[in-house]
Amino acid sequence: MHYKFALVGNPNCGKTTMFNEITGSTQYVGNWPGVTIEKKEGKAKKFKEDIKIIDLPGIYSLSPYSMEEIIARDYILDEKPDVLINIIDATNIERNLYLTTQVIELGIPVVVALNMMDAVEAKGDQIDIRALEKAFGVPIIGTSANKGKGINELLHKALEVAESSALTHGTSACKFYDEQIEKCIGEIENTIVPSLTVKAQNPRWTALKLLEGDEKAKEKLNVSAKVLDQIKVYQEKLEKVYDNDMETIIADNRYRFISKSISKAVKKKSAGGELTVSDKIDKVVTHRILAIPLFLAVMLGIFQITFGAIGSFTIDWVDVLINETIAGTVSGWLEVSGAAPWLHDLVVNGIIGGMGSMLVFVPQIMILFFFLAILEDSGYMSRAAFVMDRLLRKLGLSGKSFIPMLMGFGCSVPAIMSARTLENEKDRRLTIILTLFMSCGAKLPVYALFVSAFFAKDQAWVVFSIYVLGIIVAVFSGVILKKTVLKGETAPFVMELPPYRIPTFKGLSIHMLDRGKDFVKKAGTIIFAAAVVIWFAQSFSFSLQMVEDPGNSIMGTFGKIIAPFFAPLGFGDWKSSVALLTGFVAKEVVVATLGILHGLGEVGEDTASLAATLQTSFTPLKAYAFMAFTLLYMPCVAAFGTIKREMNSWKWTLFTVGYQTGVAWIVAFIIYQGGRLLGFN
Amino acid sequence: MPLTMLTPGKEAIINVCKAKDSTKKFLEGLGIIPGVSISVISEMSGNLIVSVKGSRLALNKGVAGQLLVQMC
């Protein structure tokens with residue numbers, strides 16, 4: 001038999017940890033709400049039945065608010081999984097059960113996993129699982145996903161439920177509301193629901209949704225004005241009795257039911273109310289005076305380590321490995337085997353030179369991701385969002401935009417996608433545009449190359465200034481765009497703050513190695529192909545003759561055409577122009593192209609001598625303008641595709657790309673021409 | 001009084017939520033509904049970290065001002 005089980009639950013309740021345990025995969029688990037933004041699928045291992053497991057984004061309720069909640073709700077309603085496994089954070093049981101009441105009402109078989117039971121036991125609290133089962137009318141299994149406990153039992157129970165419900169089409173008979181509301185639901189179910197043009201699969205749920213006034217449900221059911229009037233009678237009657245609006249009455253009733261059930265089943269050792277360790281840390285981390293200096297110190301520390309002594313040490317080490325050991329050995333082999341000069345040139349100069357020039361930065365990028373992972377896993381990320389909210393609000397954004405922006409320092413693609421946690425479309429578009437100005441990891445090799453050539457003494461500070469430049473441009477763009485094309489009210493900032501956790505070595509290494517692997521894979525595929533194409537284009541002319549002077553090659557001819565566009569920015573030579581253009585494939589290719597064009601990879605050449613070659617065509621001022629342009633101009637093709645998908649509009653995608661390139665040109669122009677006026681060189 | 005006026009460390013009961021509908025629904029999912037007790041853990045220039053039903057929520061000044069509470 002084939003079965004589909006979907007995991008639903010609040011953000012940060014351990015769904016992805018559970019998913020990894022069941023399927024044996026290694027999806028990234030973070031400690032902030034919204035890590036899983038897209039549903040993920042896997043197969044349950046250790047079971048002979050064919051069980052597909054779907055990990056959905058975390059949601060607080062089934063009333064869709066943000067895009068991820070819509071994804072989760074649509075999946076449940078449209079795909080009809082066989083069993084919903086509702087995962088509950090047992091340390092926060094009351095709030096988590098709110099979603100459970102809604103999930104049970106859907107009429108799809110539900111099994112509840114009461115997760116993080118180890119933490120409950122550690123606190124000395126007790127939960128009577130049998131009593132909860134009785135109250136909610138669904139099977140409940142205690143689990144500790146991070147320790148792998150209870151997982152098998154959970155799956156066996158889900159399988160059992162799936163098999164039996166296939167026979168009975170069991171819908172839960174559980175009633176969560178008080179008499180008056182239940183009476184209204186019953187009446188609507190019996191009189192109004194049967195008269196609907198669209199036949200309801202679950203009459204009770206339909207009746208409830210009509211009473212609640214759920215917009216999506218009304219749309220789907222194609223409800224007539226006459227029916228709406230009938231419903232209105234019930235709504236007005238109840239609103240008068242309870243002196244509140246309908247939605248609040250229903251929500252209140254659900255919480256009342258939960259409180260009543262919990263008061264019998266849960267025994268807490270401490271009464272609560274005292275400050276937890278997390279609260280004490282928050283008192284310092286979100287302190288009105290200390291918060292921002294502390295945040296800046298953390299960021300500066302990360303930069304000093306990544307770009308300072310430790311980072312450059314790794315670069316030197318890998319540089320020697322690739323450009324001396326590997327290039328030398330391969331070159332030796334080719335000479336011994338008598339390979340043709342063009343083949344020798346392609347392999348040593350094109351492939352090793354092109355790929356090598358970016359591979360040297362892999363350890364440094366991994367260091368950066370290691371620190372980003374610590375920020376995510378410890379729980380500091382959502383605090384930083386909170387601290388930055390007030391600042392971002394001045395730009396017309398909420399603190400929620402901060403997370404995509406911070407992730408933008410890693411890679412724009414996941415960063416753009418994480419903007420989904422924003423609830424309103426204009427905020428999301430603005431966040432995406434600004435996120436692109438946060439310098440991504442792939443641009444790092446470009447800076448590293450130029451600072452080592454021109455700013456050897458102050459490497460970390462110069463790179464830091466480039467990152468700050470990106471932030472400043474984002475600030476100005478935010479103010480301008482919010483006042484012009486993206487006018488609108490900013491959504492309020494409401495975010496759950498997970499308790500602080502000490503990051504696990506396993507979690508950090510998964511994150512870091514994943515990134516390193518991505519980068520190396522990219523080097524082996526896209527960059528490899530690009531290196532071959534670039535080598536070809538700079539070795540042959542349009543008539544496919546091998547040329548002595550690369551200036552006469554396909555690339556040279558083309559570069560000379562576009563070079564005047566960059567001349568006012570200080571780097572009007574064709575090699576730099578072409579290098580920037582090839583950056584559309586991936587930003588690291590800028591360095592690869594410069595490497596190939598300047599003959600890196602030839603025996604005895606290493607990154608240091610590429611730097612020396614660059615000194616003949618650049619000055620420090622030109623180099624800085626070049627780095628600024630690289631920072632700001634249009635994103636790589638992967639990010640471009642992601643922007644198109646997330647913005648879902650060609651108009652906005654092209655606007656974004658055009659805006660970025662325009663801003664890049666203007667900023668580089670100001671830096672170069674302004675710098676010259678001030679007497680810099 | 002609005003939640004923004006509650007002294008950190010003190011507990012109060014939520015009376016009314018004046019936020020617009022979609023925000024209100026989201027807050028309901030997080031446990032913020034009339035009748036629930038809420039306390040302020042810390043405050044940073046008007047933005048609050050509050051404790052509701054055992055979890056910690058960050059609220060900006062604007063939304064905190066839309067929650068009216070009553071000292072218990």
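Run the simple label-point estimate for A:Ser649 and A:Trp342 please: 7 Å along Cα→C-beta, distance reported in nm.
5.0
Taking chain A as the reference, fit the longest principal axis to its C-alpha atoms, fit the long axis of helix A:425-435 to the helix C-alpha atoms, and give the angle between the two in degrees, 0 to 90, nearest 10.
With rounding to tens, the tilt is 30 degrees.
Could you tell me the total accessible area buried at the B-A interface, probe 1.4 Å, in square angstrom to the nearest hundred?
Working: alone 4290 and 30190 Å², together 31210 Å².
Approximately 3300 Å², summed over both chains.
Roughly how far apart, in whole Å, are the Cα centres of the stretch A:27-97 and the stretch A:450-524?
Taking the Cα centre of the stretch A:450-524 as reference, the centre of the stretch A:27-97 is 28 Å away.
Under 12 Å from the 7 Å Cα→Cβ point of A:Glu79, by amide nitrogen: which residues of the stretch A:1-30?
Label zone hits: A:4-8.
The stretch A:319-355 to the stretch A:236-311: how many Å between their Cα centroids?
With the stretch A:319-355 and the stretch A:236-311 each reduced to a Cα centre, they are spaced 57 Å.
Report the number of Lys pairs in the stretch A:136-242 whose alpha-carbons are under 13 Å apart, with separation of 8 or more residues or on distinct chains.
Final tally of qualifying lysine pairs is 9.
Could you calculate the FRET efficiency of A:Lys267 with B:Cys72 from 1/(1 + (r/R0)^6), where r is the beta carbon distance between them and R0 is 22 Å, rounded to 0.05? Could the numbers behind the result be given before it?
Details: r = 24 Å, r/R0 = 1.07.
Once the sixth-power term is evaluated, E becomes 0.40.
By DSSP, what percent of the beta bridges with both residues in chain A are antiparallel, rounded to the nearest 5?
Taking every DSSP beta bridge with both residues in chain A, the antiparallel ones total about 30 percent.
Tilt of helix A:554-566 relative to the longest C-alpha principal axis of chain A, in degrees (0 to 90, nearest 10)?
That helix lies at roughly 80 degrees to the long axis.
Would you give the gap between the C-alpha center of the stretch A:371-424 and the C-alpha center of the stretch A:578-598, rounded to a whole Å?
30
Report the extension gain between A:Ala612 and A:Ser25 in nm, rounded to one decimal, defined as 0.36 nm multiplied by the number of residues separating them, less their alpha carbon distance. Walk me through the numbers on the way to the answer.
Values: separation 587, 0.36 × 587 = 211.32 nm, distance 4.62 nm.
Fully extending the segment from A:Ala612 to A:Ser25 adds 206.7 nm.
Does chain B come out rounded, prolate or oblate, given a ≥ b ≥ c as the square roots of the eigenvalues of its C-alpha gyration tensor, rounded meaning a/c under 1.5 and, failing that, prolate meaning a/b above b/c?
Numbers: a/c = 1.35, a/b = 1.23, b/c = 1.10.
Rounded, because the longest to shortest axis ratio a/c is under 1.5.
Using the Cα gyration tensor of the stretch A:2-168, with a ≥ b ≥ c the square roots of its eigenvalues, what is the shape: rounded (a/c below 1.5), prolate (a/b larger than b/c) or oblate (neither)?
rounded
Sort largest first and round to whole Å: the equivalent ellipsoid semi-axes of the stretch A:179-267, each the square root of five times a Cα gyration tensor eigenvalue. Write down the numbers at each step before the final one.
Values: eigenvalues 135, 45, 25 Å².
In descending order the semi-axes read 26, 15, 11 Å.
Residue farthest toward the positive end of the dipole of the stretch B:3-71, with Cβ of Lys/Arg at +1 and Asp/Glu at -1: which of B:Val16, B:Ser39, B:Ile49?
The residue sitting farthest along the positive end of the dipole is B:Val16.
Let me check against my output: what whole-number percent is the relative contact order of the stretch A:138-262, with C-alpha pairs under 8 Å and at least 6 apart?
On the way: 71 pairs, mean separation 25.7, N = 125.
Here the relative contact order equals 21 percent.
Pairs of alpha-carbon atoms within less than 8 angstrom and 6+ residues apart define the contacts here; what relative contact order does the stretch B:3-71 have, in percent?
Values: 127 pairs, mean separation 28.4, N = 69.
So the answer I get is 41 percent.
Work out, in µm²/s and without decimals, the Stokes-Einstein translational diffusion coefficient of the stretch A:3-85 at 10 °C, 1.306 mPa s, Rh from Kirkwood over C-alpha pairs. Show your work: numbers first, answer last.
Numbers: Rh = 12.8 Å.
D, rounded to a whole number, is 124 µm²/s.
Determine the gain in length on full extension of the stretch A:Leu677-A:Ile562; use 0.36 nm per residue of separation and subtract their C-alpha separation, reporting nm with one decimal.
38.9 nm
Modelling each spin label as a point 7 Å along the Cα-to-Cβ direction, I'd like the A:Glu324/A:Phe584 distance in nm, to one decimal.
3.9
Specify, per residue and in Å³, the volume enclosed by the convex hull of the alpha carbon atoms belonging to the protein assembly as shown.
Working: hull volume 142.0 nm³, N = 753.
Each residue corresponds to 189 Å³ of Cα convex hull volume.
Using only the Cα atoms, what convex hull volume per residue in Å³ does the stretch A:531-681 have?
Working: hull volume 18.4 nm³, N = 151.
Value for the stretch A:531-681: 122 Å³ per residue.
About its Cα centre, what dipole magnitude does chain B give when the only charges are +1 on Lys and Arg Cβ and -1 on Asp and Glu Cβ, stated in debye to the nearest 20? Mind showing how you got there, number by number?
On the way: 8 positive and 4 negative charges, 26 e Å.
In debye, rounded to 20, chain B gives about 120.
Rounded to the nearest 0.05, what FRET efficiency is calculated for A:Trp461 and A:Gln180 with R0 set to 60 Å and r the Cβ-Cβ distance?
Result of the calculation: an efficiency of 0.30.
Determine, from the Cβ-Cβ distance of B:Ser45 and A:Ala638 and an R0 of 51 Å, the FRET efficiency 1/(1 + (r/R0)^6), rounded to the nearest 0.05.
Efficiency computed from Cβ-Cβ geometry: 0.85.
Between Rg and the Kirkwood Rh of the stretch A:302-454, both from Cα atoms, what is the Rg to Rh ratio?
On the way: Rg = 20.6 Å, Rh = 17.9 Å.
A ratio of 1.15.
For A:Gln545 paired with A:Glu163, estimate the spin-label separation in nm (one decimal), with each label point 7 Å from Cα along the Cα-to-Cβ line.
7.9
Relative contact order, percent, of chain A when contacts are C-alpha pairs under 8 Å separated by at least 6 residues?
Working: 1041 pairs, mean separation 84.5, N = 681.
It rounds to 12 percent for chain A.
How far is helix A:246-265 tilted off the main Cα axis of chain A, in degrees rounded to 10, range 0 to 90?
Helix A:246-265 sits at roughly 80 degrees to that axis.
Solvent-accessible area per residue for the stretch A:2-168 at a 1.4 Å probe radius, Å²?
Details: 5880 Å² over 167 residues.
Here the per-residue accessible area is 35 Å².
For the stretch A:294-677, report the convex hull volume of the alpha-carbon atoms normalised per residue, in Å³, without decimals.
Numbers: hull volume 54.7 nm³, N = 384.
Taking only Cα atoms, the stretch A:294-677 has a hull volume of 142 Å³ per residue.
Might you report the magnitude of the Cβ-based charge dipole of the stretch A:2-168 about its Cα centre, with Lys and Arg at +1 and Asp and Glu at -1, to the nearest 20 debye?
Working: 18 positive and 23 negative charges, 69 e Å.
Rounded to the nearest 20 debye, it is 340 debye.
Restricting to bridges with both residues inside the stretch A:2-168, how much of the DSSP beta-bridge set is antiparallel, in percent to the nearest 5?
On the way: 5 of 25 bridges.
Here the share of antiparallel DSSP bridges comes out near 20 percent.
Suppose the chain between A:Lys123 and A:Thr484 were pulled fully straight at 0.36 nm per residue; how much longer would it get relative to their current alpha carbon spacing?
On the way: separation 361, 0.36 × 361 = 129.96 nm, distance 5.28 nm.
The A:Lys123-A:Thr484 span can extend by a further 124.7 nm.
The values are calculated or read from the model by the stated rules, or taken from the named source; none is laboratory data. The structure displayed is predicted, hence computed values, not measured ones. Every residue, glycine as well, gets a Cβ built from its backbone with ideal geometry; the counts of neighbours run over all protein chains shown. Please note that ligands, DNA and RNA were not included when accessible areas were found on the heavy atoms of the full protein model with its side chains. Shrake-Rupley method; radii C 1.70, N 1.55, O 1.52, S 1.80 Å.
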